[in-house]
1. For region 214-226, check the following and say yes or no: at least one residue is among the acidic types (Asp, Glu), open to solvent by less than 30 Å² (accessible area, probe 1.4 Å) and within 15 Å of the chain's Cα centre (by Cα).
2. Pairs only if they're at least six apart or on different chains, beta carbon under 8 angstrom, first in region 227-238 and within 12 Å of MET213 (Cβ to Cβ), second hydroxyl-bearing (Ser, Thr, Tyr) and open to solvent by 90 Å² or more (accessible area, probe 1.4 Å); list them, first residue then second.
3. So how many residues does region 11-29 have that are open to solvent by 60 Å² or more (accessible area, probe 1.4 Å), under 33 Å from the mean Cα position of the chain (by Cα) and more than 17 Å from GLU156 (Cα to Cα)?
4. Within region 336-346, is there a residue that is in the same structural domain as LEU435 (by the TED database) and touching a Lys or Arg at 6+ places or on another chain (Cβ under 7 Å)?
5. Take region 308-330 and flag every residue that is crowded, with 16+ Cβ neighbours inside 10 Å and part of a loop (DSSP other than H, G, I, E, B).
6. With the requirement that a residue be open to solvent by 10 Å² or more (accessible area, probe 1.4 Å) and over 21 Å from the mean Cα position of the chain (by Cα), what does region 89-98 give you?
7. Condition first: of a type in the set (A, V, I, L, M, F, W, C) and over 27 Å from the mean Cα position of the chain (by Cα). Can you find one or more residues in region 394-402 that meet it?
8. For region 161-195: of the residues being more than 20 Å from LEU366 (Cβ to Cβ) and assigned to a loop (DSSP other than H, G, I, E, B), which is most open to solvent (accessible area, probe 1.4 Å)?
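The values are calculated or read from the model by the stated rules, or taken from the named source; none is laboratory data. Treat the numbers as computed from the prediction; the structure is a model and nothing was measured. When we count neighbours, we look across all protein chains shown, and the Cβ atoms used for this are built from the backbone with ideal geometry, even at glycine. All accessible areas refer to the heavy atoms of the entire protein, side chains included, with ligands and DNA or RNA removed. Shrake-Rupley method; radii C 1.70, N 1.55, O 1.52, S 1.80 Å.
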Amino acid sequence: MLFTTNFLGAVFKNSKGSVQDEIAIGEVTTDSRVKTHKSLFVPIAGENFDGHEFIKGAFDNGAVAALWTEDRPLPDFLPSDFPVFFVEDTLSALQKLAAEYLKQINPIVIGVTGSNGKTTTKDLIGSVVSSHYRTHRTKGNLNNHIGMPLTILSMERETEVLVLEMGMSGFGEIELLSKIAEPDYGVITNIGESHIEYLGSREGIAQAKAEIMAGMNTESTLFIDGDEPLLAPLKARANVIDCGFTEDNSVRAGKIKMKSDKTSFLLNGKEPYELNMLGEHNVKNALFAISIGKKLAIPEDKIKASLADLQLTGMRFEFVQGKNQSMVINDAYNASPTSMKASINVVKQMEPYQKKILVLGDIFELGEDSKSLHREVADVITKEISVLFTIGQDAEEISKAVSRQGELEAVDHFESMDQLVTELKPYLQEGTLVLLKASRGMKFEKMLEHITN
């Protein structure tokens, strides 16, 4: 049980039905199609849909109470004792309910934002913290103005630490999420190019990410990418810890070595750590998790064990057995120019493979700079790579630029996924490594069905 209708009645004063009967609410949902157990239904009105129209489905699927926009008539089929809480706006009410429930449970709150690596860092922190505390964290990509409140409202009452991923596409969104969550610890993983279409520049992106401080108090601690010049002004503030690779960072990693599917490094020149992930960019993400673990007094052996046995959200540098003993890295959950280049650099350093193939797709939301930012990806595609295949409108810029360099065995651009898969299949042999990387909207997971076991 999350709470009862009595708690809802205290938050939302205008109601009808058996509100005082202390009806238990087991979950909160905005999806009328999903079977639930004693749920509160929150009908959200969007541009192309209105959740109020689907209250019958929610009722049939287990809803025992609902929020409701006060100027809309209630449908006749609802029993007279069905608890309904009237609000001006159901989305704002969902956010208010999340904030009130969070205050009641009062866990330590960790908020994670950044252009790249949010989900990986959230998973790293969640793994470390859950080794010592009862922990709840964002699942999937429930990280926006609807998803984050739902994440909070799925938290068990015994939760001691809550790890929240905070996503955005424009100014003001992280500020809203931060004010709902009021993080005790905040993390800005990095500043890349994601959402530059809406934010105008990397400086604008940095400004938007810094909104995570809006809900933090003077005792809260902010962890930042200390190697990012755009975040350097934050170092002058109190309770800011910089993490990175350069010597001037207070938390730094050095002597980074990659082998098979693990990366080892030294923390501050003396403490050895091993991460069951590849790539320097993931080492930096691990620094945030280690730092927060230390702040929360988690024993070092637990921190190390958590990083060595990490479970990640799917489609993030996920190794999958390909056909004919080939190996496929599915890193197609999302992409930015920064993360695409980082993944390519990791592949280049993976020595056991005789042939390395890149399958790259469009990176979305780059605005008018999209073509030039795609071309920049070509800078890291060098002779360590054997074959490059691209698909999508702007990803062709990558293959064009690489073709001009003339260092690869084969470079080709495709108009359809079927064509690409047909050309890729003959390369799928033992000793071949294939990287899949693109924005989520390219739906690269469909390719996996044809090239893996």
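1. Filtering region 214-226 down to residues among the acidic types (Asp, Glu) leaves 219, 225.
Now drop any that are not open to solvent by less than 30 Å² (accessible area, probe 1.4 Å), which leaves 225.
Those left that are additionally within 15 Å of the chain's Cα centre (by Cα): none.
No, region 214-226 has no match at all.
2. ALA238/THR218
3. Keep residues of region 11-29 that are open to solvent by 60 Å² or more (accessible area, probe 1.4 Å), which gives 13-14, 16, 20-22, 27.
Remaining after also requiring under 33 Å from the mean Cα position of the chain (by Cα): 27.
Among the residues that remain, those that are also more than 17 Å from GLU156 (Cα to Cα) are: none.
Counting residues in region 11-29 that are open to solvent by 60 Å² or more (accessible area, probe 1.4 Å), under 33 Å from the mean Cα position of the chain (by Cα) and more than 17 Å from GLU156 (Cα to Cα) gives 0.
4. So the first thing to find is which residues in region 336-346 are in the same structural domain as LEU435 (by the TED database), and the list is 336-346.
Now restrict to residues that are touching a Lys or Arg at 6+ places or on another chain (Cβ under 7 Å): 340, 343.
Within region 336-346, one or more residues are in the same structural domain as LEU435 (by the TED database) and touching a Lys or Arg at 6+ places or on another chain (Cβ under 7 Å).
5. LEU310, LEU312, THR313, MET315, ARG316, PHE317, SER326
6. Going residue by residue through region 89-98, those that are open to solvent by 10 Å² or more (accessible area, probe 1.4 Å) are 89, 91-92, 95-96.
ASP89, LEU91, SER92, LYS96 - these are the residues of region 89-98 that are open to solvent by 10 Å² or more (accessible area, probe 1.4 Å) and over 21 Å from the mean Cα position of the chain (by Cα).
7. Step one: list which residues in region 394-402 are of a type in the set (A, V, I, L, M, F, W, C), which gives 395, 398, 401-402.
Filter once more, so that each one left must be over 27 Å from the mean Cα position of the chain (by Cα): 401-402.
Yes, region 394-402 contains at least one residue that is of a type in the set (A, V, I, L, M, F, W, C) and over 27 Å from the mean Cα position of the chain (by Cα).
8. Only one residue tops the list, namely GLU182.
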